[in-house]
Every structure is written in structure tokens, then in C-alpha cells.
Amino acid sequence: MIIRYTVEELAFRDEVRAFLQQALPADIAASVRLGKHLSKEQHQRWQRILSKKGWYAANWPVEQGGTGWTVVQKHIFQEECAAFGAPRLISFGVNMVAPVIIKFGTEQQKAEYLPRILSGEDWWCQGYSEPGAGSDLASLKTRAVRDGDHYVVNGQKTWTTLGQYANRIFCLVRTDPDARPQQGITFLLIDMDSPGISVRPIITLDGEHEVNEVFFDNVRVPVENRVGDENRGWTCAKYLLTHERTGQAGIGISKAALAHLKQVAAQESCNGRPLIEDPLLRAQIADVEMQLMAIEMSTLRILAAAQAGGVPGAESSILKIKGSEIRQAISHLMRKVLGPHALPFIEAELDPAFAGELRHADYSSAPASEYFNLRKLSIYGGSNEIQKNIIAKMMLEL
Ligand SMILES: Cc1cc2nc3c(=O)[nH]c(=O)nc-3n(C[C@H](O)[C@H](O)[C@H](O)COP(=O)(O)OP(=O)(O)OC[C@H]3O[C@@H](n4cnc5c(N)ncnc54)[C@H](O)[C@@H]3O)c2cc1C
């Protein structure tokens with residue numbers, strides 16, 4: 001089977017390349033290449049550039065400000081962005097809550113929220129998980145009780161990614177504690193500056209503040225902020241998860257990371273010879289590269305089927321598992337290639353007199369923290385074990 005881009009798709013790829021060459025700010029690309037965390041300002045600047053070009057909301061319908069791209073065009077765009085060092089989009093607003101508002105929201109919600117997502121004015125975060133509700137999401141307990149034209153929300157969310165930057169959170173809350181778990185849940189849009197919300201950082205193993213706990217203490221939320229019917233939030237939740245899982249294979253990102261790994265291995269040496277000439281390392285790199293080529297081919301096959309009207313089912317779980325394993329494997333090899341220079345580099349933990357100079361090349365500053373950070377890939381967005389359950393059920397009929 002031969003899967004090739006059409007002439008039109010190749011022309012589109014050239015257009016994307018020309019745009020990235022001209023529009024992607026050098027400081028942002030440099031941070032991405034070195035594996036550094038981007039600031040809120042850098043994320044927002046890149047979003048605004050894409051929005052101005054009309055390329056920010058690739059997954060929306062054209063009439064709402066989307067691109068109208070085919071699945072293959074979206075894939076090409078992601079690939080090229082990764083190759084040029086463009087940041088991955090923060091998907092909570094544009095690719096998670098927006099599709100839900102477009103499908104289930106009122107006209108008023110569409111008019112209010114979609115333009116603010118497009119312009120980057122709103123930063124959304126996701127309030128699904130709770131201390132007792134992760135894989136078993138339907139056991140969530142955060143309670144919302146109707147009081148006139150408001151809901152009063154009490155409870156706790158956790159692992160809220162970049163909640164410290166957000167001015168809005170979309171939440172699953174329990175509105176009927178007596179119904180079967182999936183049937184008493186409602187989907188709410190909540191302003192983060194509502195009285196009674198507090199955000200507490202969780203500092204992860206890489207020394208970063210990426211995730212948070214969010215507490216709700218008698219938070220009043222207008223009823224008009226409910227998406228869909230009361231107690232029917234599970235439908236919105238499931239719809240959103242299908243969007244969350246698309247594109248998680250991160251092939252473009254893995255390709256860029258692999259190319260970077262090879263470059264670094266060529267610059268680092270062992271016993272006077274470039275590491276890239278070490279047969280064991282070469283075999284390990286070749287192994288991961290073959291896995292990457294195989295998953296790329298699977299992705300293209302799935303995209304071709306989707307383009308022809310098919311709906312991806314458990315295939316997206318396969319891509320999620322394999323894609324996350326490959327990214328973790330590349331970061332593992334990078335850590336090995338750098339040896340002692342990949343010791344955790346956490347600025348806050350260093351001597352106060354430390355002025356931030358590195359003892360080694362600039363590419364050695366981030367790989368250790370990235371290695372730790374990427375452990376998350378096999379957990380969030382539905383852990384890999386849960387994806388295996390889905391494959392077992394849907395494909396193997398076990
Ligand atoms: C970095 C990071 C960012 C996140 N960001 C967000 C966010 O922004 N918003 C949000 O709402 N959530 C977020 N999450 C939460 C994420 O969705 C959950 O961590 C995930 O769903 C797993 O839930 P859990 O952590 O409660 O683990 P558990 O569900 O307790 O699972 C623990 C382990 O048991 C396994 N397991 C559980 N049930 C089964 C089963 N039936 N069969 C086989 N194995 C099973 C799991 O796979 C896992 O290995 C984030 C998580 C991380 C790590």
C-alpha cells in the first residue's frame with residue numbers, strides 16, 4: 001500500500017512552510033527546540049499570530065472561524081509546526097471546550113465565548129479529574145446545587161493543567177447524587193475569578209508548576225453557564241474526550257525530537273569518538289525510528305480512512321499508546337546521550353549565587369526535566385492501561 005500526498009496537499013505543505021518561516025517568532029522556536037517551558041505571553045503571542053492568519057481553530061466549522069481543512073491538511077499543519085519548532089497549541093479552549101459549545105451550547109454561549117477563544121482573550125482550563133475520580137471519572141463528587149438562577153458549587157478538582165493562567169474553567173459537577181453515576185452530571189462554564197475559587201499549585205518531579213488543585217467553596221455560577229441539559233453533562237464530557245484524544249500521537253513532535261537527538265549525539269563524544277558512531281546507541285535510535293515510521297504509516301492509513309468517511313474508533317487508542325511510548329523513549333535516549341550533563345537542572349534548587357550559566361551546551365538544560373515531565377504522557381488524556389482496555393473491548397472483543 002502506498003500512501004502519498006496529492007499535488008494539492010504538497011502545495012498546501014509549501015504554503016505552511018512559507019508561513020512558518022516568516023511568522024514564527026525566533027525566541028519561541030528557540031524555547032521549543034531546547035525543550036523549555038513557554039511563558040503565558042509566548043503561548044498567547046503565537047495563538048494571536050495563528051488567529052490573524054485564520055489558522056488557529058483548525059477543528060472548527062468554517063462558519064464559526066475554522067479553516068475548513070481536511071484531516072490530511074490538519075496532519076500536515078501539525079507536522080510542519082513541530083518541524084519548525086512552533087509550540088503545541090494549548091487545547092483546552094480551542095480544541096476542547098469550543099467543540100462542545102459549538103455542538104451543545106446556546107446561541108448566546110457561542111456568541112459570548114467563541115470570539116474570545118479565537119482572539120486569545122480567554123484562557124480555559126479543564127476541571128474533570130478529582131482526587132477520587134480519574135480513570136473512573138463518573139465517580140466525581142464536586143457538587144452543584146440549584147439555588148434560583150444559580151448553581152452553588154462545592155468540591156475539589158485536581159491536576160488542572162495551567163489553571164494558574166486561566167480565567168475560565170469548564171467543569172463536570174454532580175447535580176443529582178441519587179441518579180446512576182453517569183446520569184447525575186452537568187457541564188458548567190465557570191469564571192475563575194468567581195468568589196470562592198482558590199488555586200493551589202502542584203509542583204511536579206521536574207520542578208515545574210504545570211498542574212494545580214482547584215477548590216470550590218460555595219461558588220455561585222449562573223444557570224445560563226450550563227452547557228446542555230441538567231444531568232446530561234456526560235454526553236458533553238464524552239464528546240470532548242474524543243477531541244482531546246485526537247492528535248495525541250504527536251508524530252511531528254517525535255520526529256523533531258529524534259532529529260534533535262541525532263544532532264546532539266553527533267556533538268557529544270565518548271572516548272574521543274562522536275556518540276552517534278556507537279553501535280549500541282545507533283541500534284537504539286534505529287529501533288525507535290522504525291517504531292515512529294510505523295506509527296506514522298498507521299496514522300496516514302487512519303487519516304485516509306477518516307477522509308473517506310470512516311470514524312476512527314479504538315485506532316486512536318493505539319496511536320495514543322504508541323505515540324506516548326515513542327516520545328518517552330526518545331527522551332530516555334537523550335538523557336543517556338547527555339550522561340551527567342542531564343542531571344536535573346532546576347534553577348530554583350541551585351545556589352543563590354548561581355547566575356544561570358550552564359556548564360555544558362545549551363541543549364543540556366532541559367532534557368532531564370523534560371524526561372520527568374514526559375512521564376505524564378502515558379497518564380493524562382486517559383492512561384495507557386485504560387486505552388489498552390478500550391482496544392481489548394472494541395477490537396479484540398475480549
Ligand atoms: C500532567 C497531568 C496533567 C493533567 N491535566 C489534567 C487537566 O488539566 N484536567 C483534568 O481534569 N485532568 C487532568 N489530568 C488528570 C488525568 O486525566 C488523570 O490523571 C488520569 O485520568 C488518570 O487518573 P488518576 O490519576 O486518578 O489515576 P487512577 O485512575 O487512580 O489510576 C491509577 C493507575 O491504575 C490504572 N487503572 C485504573 N483503572 C484501571 C482499569 N480499569 N484497568 C486497568 N488499569 C487501571 C491506571 O491506568 C493508572 O496506571 C492530568 C494528569 C496529569 C498527570
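The values are calculated or read from the model by the stated rules, or taken from the named source; none is laboratory data. Since the structure is predicted, the reported quantities are computational estimates derived from the model, not experimental observations. Here the Cβ positions follow ideal geometry from the backbone for every residue, glycine too, while neighbour counts run over all protein chains shown. Ligands, DNA and RNA are excluded from the accessible area calculation, which covers all protein heavy atoms including side chains. Shrake-Rupley method; radii C 1.70, N 1.55, O 1.52, S 1.80 Å.
Does GLU121 count as part of a loop (DSSP other than H, G, I, E, B) and charged (D, E, K, R)?
Yes.
Answer yes or no: is there a residue in the stretch 218-225 that is assigned to a loop (DSSP other than H, G, I, E, B) and touching a residue at least 60 places away in the same chain (Cβ under 8 Å).
No: zero hits.
If I ask for residues that are open to solvent by 30 Å² or more (accessible area, probe 1.4 Å) and more than 9 Å from the ligand (Cβ to nearest atom), which ones from the stretch 131-154 would you list?
Once the filter is applied, which keeps residues that are open to solvent by 30 Å² or more (accessible area, probe 1.4 Å) and more than 9 Å from the ligand (Cβ to nearest atom), the stretch 131-154 yields SER139, LYS141, ARG143, VAL145, ARG146, ASP147, GLY148, ASP149, HIS150, ASN154.
Quick test of your reading of the structure: LYS110 fulfils all but one of (1) in contact with a helix residue (DSSP H, G or I) (Cβ under 7 Å, 6 or more places away or on another chain); (2) among the basic types (Lys, Arg); (3) closer than 21 Å to PHE215 by Cβ. Name the failing condition by number.
Among (1) in contact with a helix residue (DSSP H, G or I) (Cβ under 7 Å, 6 or more places away or on another chain); (2) among the basic types (Lys, Arg); (3) closer than 21 Å to PHE215 by Cβ, LYS110 violates only (3).
Collect the residues in the stretch 155-190 that are within 12 Å of the ligand (Cβ to nearest atom) and either open to solvent by less than 10 Å² (accessible area, probe 1.4 Å) or of a type in the set (Asp, Glu) (or both), keeping them in residue-number order.
Taking the stretch 155-190 and keeping what is within 12 Å of the ligand (Cβ to nearest atom), we get 156-166, 169-172.
Of everything in the stretch 155-190, those that are within 12 Å of the ligand (Cβ to nearest atom) and either open to solvent by less than 10 Å² (accessible area, probe 1.4 Å) or of a type in the set (Asp, Glu) (or both) turn out to be LYS157, THR160, GLY163, ILE169, PHE170, CYS171, LEU172.
Name the helices (runs of 4 or more DSSP H) wholly inside the stretch 1-108 in which the number of residues that are closer than 30 Å to ASP229 by Cβ and of a type outside the set (D, E, K, R) is 1 or more.
Fully inside the stretch 1-108 and qualifying: 98-104.
Conditions first: (1) buried (at least 22 other Cβ atoms within 10 Å of the Cβ); (2) within 14 Å of the ligand (Cβ to nearest atom). VAL94 passes all but one, so which condition is the exception?
So the condition that VAL94 fails would be (2).
Out of the residues in the stretch 357-370 that are outside any helix (DSSP H, G or I) and open to solvent by less than 20 Å² (accessible area, probe 1.4 Å), state the one that is modelled with the lowest pLDDT. Please lay out each step first, then the result.
If we filter the stretch 357-370 for residues that are outside any helix (DSSP H, G or I), which is where we start, we get 357-361, 365-366.
Applying the additional criterion that residues be open to solvent by less than 20 Å² (accessible area, probe 1.4 Å) yields 365-366.
Numbers: SER365: 72, ALA366: 79.
Ranking the candidates gives SER365 first.
When you check ARG17 against the structure, is it charged (D, E, K, R) and either more than 24 Å from LEU300 (Cβ to Cβ) or surrounded by 15 or more Cβ atoms within 10 Å (Cβ to Cβ) (or both), yes or no?
Considered against the rule, which asks whether it is charged (D, E, K, R) and either more than 24 Å from LEU300 (Cβ to Cβ) or surrounded by 15 or more Cβ atoms within 10 Å (Cβ to Cβ) (or both), ARG17 comes out as no.
For the stretch 90-98, state whether one or more residues are under 30 Å from ARG4 (Cα atoms) and of a type in the set (Phe, Trp, Tyr).
no
Do we have any residue at all in the stretch 327-341 that's charged (D, E, K, R) and either within 14 Å of the ligand (Cβ to nearest atom) or at pLDDT below 85 (or both)? I'd like the intermediate steps shown before the answer.
Of all residues in the stretch 327-341, those charged (D, E, K, R) come to 327, 335-336.
Still in the running and either within 14 Å of the ligand (Cβ to nearest atom) or at pLDDT below 85 (or both): 327.
Taking every residue of the stretch 327-341 in turn, at least one turns out to be charged (D, E, K, R) and either within 14 Å of the ligand (Cβ to nearest atom) or at pLDDT below 85 (or both).
Restricting to the stretch 207-239, what's the tally of residues that are within 9 Å of THR186 (Cα to Cα) and open to solvent by 70 Å² or more (accessible area, probe 1.4 Å)?
Of the residues in that region, 2 qualify.
Which ones in the stretch 37-90 are of a type in the set (Asp, Glu), open to solvent by 50 Å² or more (accessible area, probe 1.4 Å) and closer than 30 Å to SER365 by Cβ?
GLU41
Just need a number here: residues in the stretch 371-398 that are away from the ligand (no atom under 13 Å from the Cβ) and either buried (at least 19 other Cβ atoms within 10 Å of the Cβ) or basic (Lys, Arg) (or both).
Of the residues in the stretch 371-398, 1 are away from the ligand (no atom under 13 Å from the Cβ) and either buried (at least 19 other Cβ atoms within 10 Å of the Cβ) or basic (Lys, Arg) (or both).
Would it be correct to say that ASP193 is closer than 20 Å to THR161 by Cβ and surrounded by fewer than 14 Cβ atoms within 10 Å (Cβ to Cβ)?
Details: closer than 20 Å to THR161 by Cβ: yes; surrounded by fewer than 14 Cβ atoms within 10 Å (Cβ to Cβ): yes.
Spelling it out, ASP193 is indeed closer than 20 Å to THR161 by Cβ and surrounded by fewer than 14 Cβ atoms within 10 Å (Cβ to Cβ).
Conditions tested, residue by residue: (1) more than 29 Å from SER369 (Cβ to Cβ); (2) modelled with pLDDT under 95.
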site	(1), (2)
ARG17	yes, no
GLN47	no, no
LEU50	no, no
TYR56	no, no
ALA82	no, yes
ILE117	yes, no
